[in-house]
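Novice: Here's a structure for you.
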Amino acid sequence: MERIMQHQGKQVTYYDDGSTGRPLLLLPSLGGTYQDWADILTKLTPDYRVVSFHPHEWSGDYIDGTTGILRQINQFLNATNIATPVTLVGHSYGGLVAQAFALHHPERVAGLVLVDATSVDLAELDQLDTPMLDREGDDAVWIDRFEELSKATDLRDRFPDGDDRTDWNPAYYRSMHAIISQWKSDAKDLQPRMRDLGVPLTVLGRDKAQSIETMSAAGFPKDELERMEEKWQELIQRQPNLSYQANVTFVPGTSHLMHRDRPDVIVDAILTLHQFKEFTV
């Protein structure tokens, strides 16, 4: 359920289901919210006490990119009185944050579930010959867009179905602008830290064929999508190197939005993480 606390002199809304189970911190994608995961979070009790927060609402530390988000996580865990090691579930950029937190603060981490997570070798995607994909999804395009939105005064007109916490909140866009501006250098800084953390780790990757089919229908060239998806799978397959207790599964019928496509798989992956057996779909 959503709760409110005082943090740095202001009221902050966050998620805490109040269970007495193992602590679990959900780290959604860039721009994602814990509300997007509602159907999954409610199925994790009583095994887990699930908590989550939105970086743009918690504090201004997001200005320092991933480094700032790691400070926020430490602050949040302390504020919610979570002293025992936490299970991290990270999707997309949230998965990169999960890896970063585990590498910087291994004493605070009990296990990880990485859901189509951004790789520490993210920059390798820039080396691909994918000109149309680059035009649509280049970081510079999003950096400019989020900077413009963070200064806009007509957000309610642009997003009439939005809300005060995200679409109409300039801090929402400031946080994404700061994060994207730094995430490749943040990821590179993690590379020398990569090591076996020795904790339970489940890595979930999207279905390459499904992703290609979906993006092709949106008008993107199939040859570019094949190159990109091949590299994405390669990067996902490296993530189990974080732990000898790891396994990796590419989930049939899923896109990058796996929490919408197959929430049942994510629930099963989380619930079996600490049972010390290989997860399979």
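Novice: So, in region 1-45, exactly how many residues are part of a helix (DSSP H, G or I), in contact with a Pro (Cβ under 8 Å, 6 or more places away or on another chain) and either more than 19 Å from Ala98 (Cβ to Cβ) or in contact (Cβ under 8 Å) with a residue 60 or more places away in the chain (or both)?
Specialist: Adding up the residues that qualify gives 4.
Novice: Testing Thr254 on (1) under 24 Å from Met132 (Cβ atoms); (2) open to solvent by 20 Å² or more (accessible area, probe 1.4 Å); (3) modelled with pLDDT of 95 or more; (4) not in a helix (DSSP H, G or I), one condition comes back false. Which one is that?
Specialist: Exception for Thr254: condition (2).
Novice: Select from region 259-279 the residues that are more than 16 Å from the chain's Cα centre (by Cα) and open to solvent by 70 Å² or more (accessible area, probe 1.4 Å) and write down the one among them that is modelled with the lowest pLDDT.
Specialist: Lys277
Novice: Now a separate question. Within region 197-209, does at least one residue satisfy the condition of being of a type in the set (S, T, N, Q), surrounded by 18 or more Cβ atoms within 10 Å (Cβ to Cβ) and over 30 Å from Glu124 (Cβ atoms)? Break it down into steps so the answer makes sense when it comes.
Specialist: At the first step, the residues of region 197-209 found to be of a type in the set (S, T, N, Q) are 202.
Now restrict to residues that are surrounded by 18 or more Cβ atoms within 10 Å (Cβ to Cβ): 202.
This time we only want the ones that are over 30 Å from Glu124 (Cβ atoms), so: none.
Scanning region 197-209, I find no residue that is of a type in the set (S, T, N, Q), surrounded by 18 or more Cβ atoms within 10 Å (Cβ to Cβ) and over 30 Å from Glu124 (Cβ atoms), so the answer is no.
Novice: Kindly indicate whether any position in region 106-113 is of a type in the set (Gly, Ala, Ser) and either within 20 Å of Phe53 (Cα to Cα) or modelled with pLDDT of 95 or more (or both). It would help to see each step written out before you state the result.
Specialist: Taking region 106-113 and keeping what is of a type in the set (Gly, Ala, Ser), we get 110-111.
Still in the running and either within 20 Å of Phe53 (Cα to Cα) or modelled with pLDDT of 95 or more (or both): 110-111.
Yes, because at least one residue in region 106-113 is of a type in the set (Gly, Ala, Ser) and either within 20 Å of Phe53 (Cα to Cα) or modelled with pLDDT of 95 or more (or both).
Novice: Being of a type in the set (Gly, Ala, Ser), at pLDDT below 95 and under 21 Å from the mean Cα position of the chain (by Cα) is true for just one of Ala187, Ala171, Ala140, Ala178. Which residue is that? Give the steps one after another, and end with the answer.
Specialist: Values: Ala187 fails: at pLDDT below 95; Ala171 fails: at pLDDT below 95; Ala178 fails: at pLDDT below 95.
Within the list Ala187, Ala171, Ala140, Ala178, the selection yields Ala140.
Novice: Since Ala171 meets every condition but one in (1) open to solvent by 30 Å² or more (accessible area, probe 1.4 Å); (2) under 26 Å from Thr13 (Cβ atoms), which condition does it not meet?
Specialist: Going through (1) open to solvent by 30 Å² or more (accessible area, probe 1.4 Å); (2) under 26 Å from Thr13 (Cβ atoms) one by one, Ala171 breaks only (1).
Novice: Return the total of residues in region 12-58 being open to solvent by less than 10 Å² (accessible area, probe 1.4 Å), out of contact with any helix residue (DSSP H, G or I) (no Cβ under 7 Å at 6 or more places or on another chain) and among the polar types (S, T, N, Q).
Specialist: Adding up the residues that qualify gives 0.
Novice: Looking at region 133-144, is at least one residue in contact with a Phe, Trp or Tyr (Cβ under 9 Å, 6 or more places away or on another chain) and surrounded by 17 or more Cβ atoms within 10 Å (Cβ to Cβ)?
Specialist: Checked region 133-144: at least one residue is in contact with a Phe, Trp or Tyr (Cβ under 9 Å, 6 or more places away or on another chain) and surrounded by 17 or more Cβ atoms within 10 Å (Cβ to Cβ).
Novice: What number of residues within region 6-35 are in contact with a strand residue (DSSP E or B) (Cβ under 7 Å, 6 or more places away or on another chain), under 24 Å from Asp167 (Cβ atoms) and hydrophobic (A, V, I, L, M, F, W, C)?
Specialist: Residues that pass the stated criteria total 3.
The values are calculated or read from the model by the stated rules, or taken from the named source; none is laboratory data. Note that this is a predicted model, so its numbers are computed, not measured. Note that we place each Cβ from the backbone using ideal geometry, even for glycine, and neighbour counts take in every protein chain shown. The accessibility values were calculated without ligands, DNA or RNA, using every heavy atom of the protein model including side chains. Shrake-Rupley method; radii C 1.70, N 1.55, O 1.52, S 1.80 Å.
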